[in-house]
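K.L.:
Before anything else, here's the structure in question.
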Amino acid sequence: MNESTTREMICILCPLGCKMQVSEKPGQPEDLKVRGIQCKEGKKYAYEEYKNPTRILTSTVAIHNTTLPRLPVKTSKPLPKGLIYKAMDEINKVEITGPIKVGTVIIENLLGTDIDIVATRSLG
């Protein structure tokens, strides 16, 4: 097969929301062609999103001894998109006791990724 594979995506780095087409030729995975971008950052985003899509994951964990029953949390760095459901399984197991300060690490090294789950709010 000698045809290129093309994926369409929308850049989310700025309000322009460029509609991009990313093409890869079989046997040449390092040679991506990106069309439809309007800035350098869009090209970098297209490469990363095509090769290894990641997302910041936000959620909540159960917390006791505070005014609210749930503590908002997020990943400290973008998480590979394919690990989101496994990460949520781990986050849903957590129950902590307050008080907690914003930035406190709730889960260290989530799924062996060197990514932490941190509190995004202080509760006490």
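The values are calculated or read from the model by the stated rules, or taken from the named source; none is laboratory data. Just so we're clear, the structure is a prediction, and the values are computed from it rather than from any experiment. Don't worry about glycine lacking a Cβ; one is built from the backbone with ideal geometry, like all the others, and counts go over all protein chains shown.
K.L.:
Please count how many residues of region 34-79 are part of a loop (DSSP other than H, G, I, E, B), hydrophobic (A, V, I, L, M, F, W, C), more than 12 Å from the chain's Cα centre (by Cα) and closer than 29 Å to R7 by Cα.
P.N.:
Total satisfying the criteria: 2.
K.L.:
Applying the selection to region 84-104, what residues are outside any helix (DSSP H, G or I) and free of Cβ contacts under 8 Å to residues at least 24 places away in the same chain?
P.N.:
Answer for region 84-104, where residues must be outside any helix (DSSP H, G or I) and free of Cβ contacts under 8 Å to residues at least 24 places away in the same chain: K93, K101, V102, G103, T104.
Each row is one residue, and each column tells you yes or no for (1) surrounded by 12 or more Cβ atoms within 10 Å (Cβ to Cβ); (2) more than 30 Å from R121 (Cα to Cα); (3) aliphatic (A, V, I, L, M).
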| position | (1), (2), (3) |
| --- | --- |
| T5 | yes, yes, no |
| L13 | yes, no, yes |
| C18 | yes, yes, no |
| N52 | no, no, no |
| L71 | yes, no, yes |
| S76 | yes, no, no |
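K.L.:
Also, quick follow-up: Which one of these is small (G, A, S) and at pLDDT below 95: G124, G103, G82?
P.N.:
Going through G124, G103, G82 in turn, the sole match is G124.
K.L.:
Hey, another quick one. Name, by its number, the condition in (1) free of Cβ contacts under 8 Å to residues at least 24 places away in the same chain; (2) surrounded by fewer than 17 Cβ atoms within 10 Å (Cβ to Cβ) that does not hold for V34.
P.N.:
(2)
K.L.:
Looking at region 78-124, which of the residues that are touching a strand residue (DSSP E or B) at 6+ places or on another chain (Cβ under 6 Å) and among the charged types (D, E, K, R) is surrounded by the most Cβ atoms within 10 Å (Cβ to Cβ)?
P.N.:
Going through the qualifying residues, I end up with D116.
K.L.:
Scan region 10-25 for residues that are touching a strand residue (DSSP E or B) at 6+ places or on another chain (Cβ under 9 Å), among the β-branched types (V, I, T) and touching a residue at least 12 places away in the same chain (Cβ under 8 Å) and jot them down.
P.N.:
Of everything in region 10-25, just one residue is touching a strand residue (DSSP E or B) at 6+ places or on another chain (Cβ under 9 Å), among the β-branched types (V, I, T) and touching a residue at least 12 places away in the same chain (Cβ under 8 Å), namely V22.
K.L.:
Something else about it: With the requirement that a residue be modelled with pLDDT under 85, over 27 Å from I56 (Cβ atoms) and part of a strand (DSSP E or B), what does region 1-29 give you?
P.N.:
Hits for region 1-29 are T5, K25, Q28.
K.L.:
Would you pick out the residues in region 80-124 that are over 19 Å from the mean Cα position of the chain (by Cα) and of a type in the set (K, R)?
P.N.:
Residues satisfying the conditions are K93, K101, R121.
K.L.:
Out of region 30-41, which residues are at pLDDT 90 or above and out of contact with any helix residue (DSSP H, G or I) (no Cβ under 7 Å at 6 or more places or on another chain)?
P.N.:
The answer is R35, G36, Q38.
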